[in-house]
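Okay, structure first, notes after.
The values are calculated or read from the model by the stated rules, or taken from the named source; none is laboratory data. Predicted model only: the values in this text are computed from it and were never measured. Using ideal geometry, Cβ is built from the backbone for each residue, glycine included, and neighbour counts are taken over all protein chains shown. In case anyone asks, the SASA skips ligands and DNA or RNA and just uses the protein heavy atoms, side chains included. Shrake-Rupley method; radii C 1.70, N 1.55, O 1.52, S 1.80 Å.
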Amino acid sequence: MARDATVDELAAAWADGGLVVDVREPDEYAAGHVPGARLMPLRTVPARCGELPADRPVFVICASGNRSRSAADWMTSRGIDAYSVTGGTLTWARAGRPIAAGAPERAA
């Protein structure tokens with residue numbers, strides 16, 4: 001099972017260039033996401049998991065923490081050091097953390 005990370009733990013990792021994977025749908029991502037987060041909708045995680053590094057932590061985020069838990073558990077079972085961000089993007093935004101808007105740089 002994947003471990004949980006708080007928004008504060010994500011913020012510290014993010015400030016150091018940590019990898020954030022957003023598993024929401026493209027329209028949700030476009031409405032507001034952690035700056036620099038890689039879009040990987042939950043339905044695509046099994047097919048795209050090979051794109052993720054096995055040598056550094058991956059912070060998985062969604063809207064509230066449910067989809068990220070599923071994705072992070074799946075990633076962990078494949079050898080990725082994945083953390084599910086508790087409270088998701090909603091908690092990140094409520095904490096006053098930066099939010100970017102717009103479509104991802106490449107299609108999901």
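For residues that are surrounded by fewer than 23 Cβ atoms within 10 Å (Cβ to Cβ) and not polar (S, T, N, Q), scanning just segment 81-97, find the one that is nearest to Pro26 (Cα to Cα).
Filtering segment 81-97 for residues that are surrounded by fewer than 23 Cβ atoms within 10 Å (Cβ to Cβ) and not polar (S, T, N, Q), the one nearest to Pro26 (Cα to Cα) comes out as Leu90.
Give the residues of segment 40-63 that are assigned to a loop (DSSP other than H, G, I, E, B) and more than 13 Å from Val20 (Cα to Cα), sorted by residue number.
Matches in segment 40-63: Ala54, Asp55, Ala63.
Pairs only if they're at least six apart or on different chains, beta carbon under 6 angstrom, first in segment 1-14 and within 12 Å of Val60 (Cα to Cα), second open to solvent by 100 Å² or more (accessible area, probe 1.4 Å) and modelled with pLDDT of 95 or more; list them, first residue then second.
Here the result reads none, with nothing in segment 1-14 linked to a residue that is open to solvent by 100 Å² or more (accessible area, probe 1.4 Å) and modelled with pLDDT of 95 or more.
Restricting attention to segment 23-39, and to residues there that are in a loop (DSSP other than H, G, I, E, B) and of a type in the set (D, E, K, R), which single residue is most open to solvent (accessible area, probe 1.4 Å)?
In this case the residue turns out to be Glu25.
Can you tell me which residue is surrounded by the fewest Cβ atoms within 10 Å (Cβ to Cβ) among those in segment 1-22 that are acidic (Asp, Glu) and part of a helix (DSSP H, G or I)?
Asp8
Considering every residue within segment 40-47, establish whether at least one is open to solvent by less than 70 Å² (accessible area, probe 1.4 Å), over 11 Å from the mean Cα position of the chain (by Cα), farther than 17 Å from Leu10 by Cα and touching a residue at least 60 places away in the same chain (Cβ under 8 Å).
So far as segment 40-47 goes, yes, one or more of its residues are open to solvent by less than 70 Å² (accessible area, probe 1.4 Å), over 11 Å from the mean Cα position of the chain (by Cα), farther than 17 Å from Leu10 by Cα and touching a residue at least 60 places away in the same chain (Cβ under 8 Å).
Of all residues in segment 64-80, which are surrounded by 18 or more Cβ atoms within 10 Å (Cβ to Cβ), assigned to a loop (DSSP other than H, G, I, E, B) and out of contact with any Leu (no Cβ under 8 Å at 6 or more places or on another chain)?
Within segment 64-80, just Gly65 meets the criteria.
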